[in-house]
1. Looking at F419, F423, can you tell me which residue is open to solvent by less than 10 Å² (accessible area, probe 1.4 Å), outside any helix (DSSP H, G or I), at pLDDT below 95 and of a type in the set (F, W, Y)?
2. When you go through (1) modelled with pLDDT of 90 or more; (2) in contact with a helix residue (DSSP H, G or I) (Cβ under 9 Å, 6 or more places away or on another chain); (3) surrounded by 15 or more Cβ atoms within 10 Å (Cβ to Cβ); (4) within 30 Å of S212 (Cα to Cα) one by one for P342, which number turns out not to apply?
3. Of everything in the stretch 400-415, what is more than 11 Å from V375 (Cα to Cα), open to solvent by less than 20 Å² (accessible area, probe 1.4 Å) and in a loop (DSSP other than H, G, I, E, B)? Give them in sequence order.
4. Taking G45 as the residue in question, decide whether it is surrounded by fewer than 15 Cβ atoms within 10 Å (Cβ to Cβ), on the phi > 0 side of the Ramachandran plot and at pLDDT 55 or above.
5. Give the residue, chosen from R125, R145, R129, that is of a type in the set (D, E, K, R) and within 33 Å of the chain's Cα centre (by Cα).
6. Could you tell me how many of the residues in the stretch 345-381 are touching a helix residue (DSSP H, G or I) at 6+ places or on another chain (Cβ under 6 Å) and part of a helix (DSSP H, G or I)?
7. Does T377 satisfy being at negative phi, open to solvent by less than 10 Å² (accessible area, probe 1.4 Å) and modelled with pLDDT under 95?
8. Condition first: away from ligand 1 (no atom under 16 Å from the Cβ) and within 20 Å of V34 (Cβ to Cβ). Can you find one or more residues in the stretch 193-207 that meet it?
Amino acid sequence: EAEWELSADGEMVEGSEEAALPQPVLAVVGRPNVGKSTLVNRILGRREAVVQDIPGVTRDRVAYDALWNGRKFTVVDTGGWEPDATGLQGAVAAQAELAMSASDAVLLVVDATVGATATDDAVARVLRRSDRPVLVAANKVDSERAMAEVHQLWSLGLGEPLPVSGLHGRGSGDLLDAVLAALPESPRDLVGHGGGGPRRVALVGKPNVGKSSLLNKLAGEQRVVVDSVAGTTVDPVDELIELDGEIWKFVDTAGLRKRVNTASGTEYYASLRTKAAIEAAEVVAVLLDASEPITEQDLRVITDIVEAGRALVLAFNKWDLVDEDRRTQLTRELDRGLVRVPWAEHVNVSARTGRAVAKLAPALRKALDSWDTRVPTGQLNAWLNELIQATPPPVRGGKQPRVLFATQAQTRPPTVVLFTTGFLEAGYRRFLERRFRETFGFAGSPIRFSIRVRE
Ligand code: GDP
Ligand code: GDP
């Protein structure tokens, strides 16, 4: 098992420890008609629209968000994974193999009214080798009388069969309790926005771009009194500023207030300071001097922000100095320099004249909205299935990689994890990312794609 993630450049790098772990995944496997879909619907409480069950139409790979007792997990119905050709027994066994590698726990569904068939036995044989927990649901136990058949399913060698009726709901609570006990804890959000306080903004940019001028303009006369904002602790270096009817916390503004001298040797500290401000913020406004060519230093700061996974607004300052010629030039520079962040929000401002300064807050808000957004697993997979059917991943080394399912494991920044059976070409990964943005937007926010390759 290898884990990979896309770096900001779209290159595939080996996943770090910090690579997002999705919420735990439960794969549901079993023969056709044992009631897998019915049970999945039951687990979901039908909270998400489930793909229509049209007879004769192969069911898509589907994954959904589930919630039980306050814990979230992803349920994957493996119905659509069955490759044809090999016959039912081989197909279901192959499905079980995949399920084992792409999930944290497996639920084998068996029809208790039929008992264990040769196919069930074959699947059980595969699952007994699993290093993940495996549970057996004895489905279609609609009444007490049907309980009599359940004990026979001990023969599968996978422990105690759990009686359930997907159709009527009987026993489903106990089944879900057992599922939760088997799944690992779900990871928490890494960058929490400690519930309700002001959103944290960093104002960064190279010396003399106009940071302190803009801060003064924004703060105006209405300096917010710290004590007036209940339950908020403000570091002495931070500043609360009301913009557009909302209070924002501008982090690490002390350095902007004091005129830091730009003599040699201080640049290193200035860059450390910038990094710290980026880390402390949720959204970063990068000031660029629109009257001068974009510099390496500007691009470096933008890279730092993308790598830190923060929402991003590009504020082109000194717009009062921009004439028609400079404007044309700037457009060319942007096309060349900002190819990595076509999704960033832009505002053209002048700290001197106050031009368009009021547009900053809406841009910050829009970027943060994207940064906070999560596409539900069901919706994500419906989109993914359609896309992959129209444009399958290119064959690599004679093998067709398969994308099994995806889940957005995290927000802040949005992080999508794709589960695949093979390596995806860099070009194809970029294609997926581009289409993802076309469909779901996420203006102003970086997105991380991480790929879990299971062989
Ligand atoms: P899948 O192919 O494994 O996904 O099975 P489905 O969920 O499509 O169910 C197959 C058939 O079994 C359907 O006609 C369901 O209504 C029926 N079924 C599913 N669960 C139960 C159950 O708990 N009790 C009974 N009596 N029928 C069920
Ligand atoms: P900082 O080093 O990024 O904090 O930049 P400052 O706010 O100290 O500004 C550097 C210089 O640029 C000062 O002389 C400002 O008056 C000037 N400046 C800042 N914003 C603007 C602007 O929008 N237009 C013009 N023409 N000059 C500006």
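The values are calculated or read from the model by the stated rules, or taken from the named source; none is laboratory data. Note that the structure is predicted; figures quoted are calculated from it, not measured. Note that each Cβ is placed from the backbone with ideal geometry, even for glycine, and that neighbours are counted across all protein chains shown. We work out accessible area using only protein heavy atoms, side chains counted, and drop any ligands, DNA or RNA first. Shrake-Rupley method; radii C 1.70, N 1.55, O 1.52, S 1.80 Å.
1. None of the other options fit; the residue is F419.
2. For P342, the exception is condition (3).
3. Within the stretch 400-415, P401, P413 qualify.
4. Criteria met by G45.
5. None of the others qualify; the one that does is R129.
6. Summing the residues that are touching a helix residue (DSSP H, G or I) at 6+ places or on another chain (Cβ under 6 Å) and part of a helix (DSSP H, G or I) in the stretch 345-381 gives 1.
7. Considered against the rule, which asks whether it is at negative phi, open to solvent by less than 10 Å² (accessible area, probe 1.4 Å) and modelled with pLDDT under 95, T377 comes out as yes.
8. No, the conditions are met nowhere in the stretch 193-207.
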